[in-house]
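To keep things clear, I will list the structure first and then write my remarks on it.
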Amino acid sequence: MAKTYRIAIVGCGGIANGKHMPSLSKLNNVEMVAFCDIVPERAQQAAEKYGAEGAKTYTDYTEVLKDASIDIVHVCTPNDSHAEIAIAALEAGKHVMSEKPMAKTAADAARMVEAAKRTGKKLTVGYNNRFRPDSQHLKKLCEEGELGEIYFAKAHAIRRRAVPTWGVFLDEEKQGGGPLIDIGTHALDLTLWMMNNYKPKVVLGTSYHKLSQKENAANAWGPWDPKKFTVEDSAFGMIVMENGATISLESSWALNTLDVDEAKCTLCGTEGGADMKGGLRINGEKHSRLFQTEVNLKSGGVAFYDGKTESEADVEMRMWIQAIDEDKDPVVTPEQAFVVSQILEAIYESARTGQAVYLNQ
C-alpha cells in the first residue's frame, strides 16, 4: 500500500490559499488534516474547502504538533515566525516546508538547518520559481556546461508600481524588510541555483525609501499609506563569490523604470550566456559568428513537463512529497536557502552601515 501523507497547514492566509493548499489538493497521496491560524475563521474556511474528513482546526500551532499522526507541516506565516514554527515541527518529528524567505534573520535560518540535521527530518523552502519550465530548462543547460563557467550574473526583481498593501508586507518587524526579502529572495535563489555557487565572500548593498513616502501613489493594489510603509521600496546589492564570480541583485516594488522583470536572472559564462527576458534566450558564438536562440517551451523539453496544465506550484508540491516518499534531498535544500538569507541580511547590513560585509571569514 502506498503511504498517504497527513499534512498540517500553519497559517491559512494568502500564500496558503494561493499556492500550497490548491496544489496539495491535486495530489492523491496526501490529505490535509489540520489547519491552524490566529484568525479562527480562516482556519475553518480552509478546512471546509481543502480538509480531509475529520480535519481539525487550531489557533495555536503547538497544539497541532502534539498530533503524532501528522507527517508534514507547511509553514505559511509571516517571516518572523518561520524559524520558531519550523524548528518546533522538526523536533516534533515532522517534515517541514517553510514559505520563503527561510527566516527573518540568517541566524534563525542557520538554526533551521541545524534542526533539520539533528532531527533527520526533511526541510525545504518555497522557492517555487525553480519549477517553471524556463528555469528547469536553463538549469539543465547550466549543468551540462553549455554556458561554461558563469562568472557574472544579474538577479532581477523589479516592479514599476506593485506594492503589496495587504497583510504585513509593509511591516519591518514582521517581515524583516520589503522587496529585497520578498521578491529579491526569489531572484537571488534562482541565480545562485543556476550558478551552483553558494560561497559568497563580500557583499555591498544600498536600500532606499524614496517613492514609499508619496501620497496617493499609482499602484497595482491601490495607494499605500506612507505612515505604514516602514520597509524599503528598493534595494540593490553586489555580491562577489569566493571564486571571483559577481552577482548584481536588483529589487523594487516601486521604481521609475520601464525595465520590469521579476524572479528572473541573466547569466554570463565563458561559453555562452542566457536571460529570461521575454522568454528564455541563449546567446553565444559559433564558427566566429554571434548567435542567439529563443527556446520554445510550449511543451516538452523538460524532464517532468510535457505540456500538462501543471503550474510551477503544482510541480513544487509534487516533487516535495516525492522527495519525502523516496527519501531523497528536496530540490531546495535548507543549506541553499540559508545562503540566500545570509546574502539578503548582508545587503541590509551594508545599506545600513555604508560598509561592505565580508562573509565566511
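The values are calculated or read from the model by the stated rules, or taken from the named source; none is laboratory data. Nothing here was measured: the structure is a model prediction, and the numbers come from that model. Please note: Cβ atoms are built from the backbone with ideal geometry, for glycine as well, and neighbour counts cover all protein chains shown. Accessible surface areas use protein heavy atoms only, side chains included; no ligands, DNA or RNA. Shrake-Rupley method; radii C 1.70, N 1.55, O 1.52, S 1.80 Å.
Here are a few things to note about the model shown:
- Three-way shape call for segment 309-351 based on the alpha-carbon gyration tensor, with the a/c threshold at 1.5: oblate
- Volume per residue that the Cα convex hull of the chain spans, once the total is divided by residue count, Å³: 150
- In terms of its C-alpha gyration tensor, segment 191-269 comes out prolate, because a/c is 1.5 or above and the ratio a/b outweighs b/c.
- Whole-Hz ³J(HN,Hα) from phi, Karplus 6.51 cos²θ - 1.76 cosθ + 1.60, for segment 211-225, glycine and proline x: 8, 5, 8, 7, 7, 6, 6, 5, 7, 4, 10, x, x, 8, 8
- Put the Cα centre of segment 116-188 next to the Cα centre of segment 1-60 and the gap is 24 Å.
- Cross-link partners of Lys122 among aspartates and glutamates (Cα-Cα below 12 Å; sequence separation of 8 or more within a chain): Asp71, Glu91, Glu114, Asp325, Glu326, Asp327, Asp329, Glu335
- Residue among Lys328, Lys154, Lys228 with the largest mean-square fluctuation in a Gaussian network model of the chain, springs linking Cα atoms under 10 Å: Lys328
- For q = 0.12, 0.19, 0.23 Å⁻¹, Debye-computed log10 I/I(0) when each Cα of segment 7-126 counts as one equal scatterer: -0.37, -0.95, -1.37
- Whole-Hz Karplus values for segment 17-30 come out as 6, x, 9, 4, 5, x, 6, 5, 5, 8, 8, 8, 10, 9 Hz, taken residue by residue from phi with 6.51 cos²θ - 1.76 cosθ + 1.60 and θ = phi - 60°; glycine and proline positions read x.
- Residue pairs, from the table Lys139/Lys199; Lys3/Lys117; Lys154/Lys199; Lys174/Lys227; Lys228/Lys264, whose Cα atoms sit over 20 Å apart: Lys3/Lys117; Lys228/Lys264
- Under a model in which nothing but the beta-carbon of Lys, Arg (+1) and Asp, Glu (-1) is charged, the chain shows a dipole of about 360 debye around its Cα centre.
- Looking at the chain, the DSSP beta bridges with both ends there are about 60 percent antiparallel.
- Within the accessible area of segment 1-84, the carbon and sulfur atoms contribute 49%, probe 1.4 Å, all protein chains present.
- Segment 226-294 shape via C-alpha gyration tensor axes, a/c threshold 1.5: oblate
- 1.4 Å probe accessible area per residue over the chain, in Å²: 46
- All aspartates and glutamates inside 20 Å of Lys277 as judged from Cα atoms, apart from same-chain residues fewer than 8 positions distant: Asp134, Glu146, Asp189, Glu250, Asp259, Asp261, Glu262, Glu285, Glu294, Glu312
- Extending 7 Å from Cα along the Cβ direction at Glu41 and again at Ser288 yields two label points whose distance is 7.4 nm.
- Once backbone amide H atoms are built at 1.01 Å from N, Val96 has Val73, Lys122, Leu123, Thr124 as its partners under 5 Å, excluding neighbours fewer than 5 places away on the same chain.
- Zone of Met238's modelled label, taken as backbone nitrogen in segment 135-166 under 20 Å from a point 7 Å along Cα→Cβ: 150-158
- Relative to the current alpha-carbon distance between Glu146 and Ser248, full extension at 0.36 nm per residue lengthens the span by 34.6 nm.
- Separation of the Glu215 and Leu258 label points, Cα + 7 Å toward Cβ, nm: 3.1
- Per-peptide average of other Cβ atoms within 10 Å, ordering 338-344, 318-324 highest first: 338-344, 318-324
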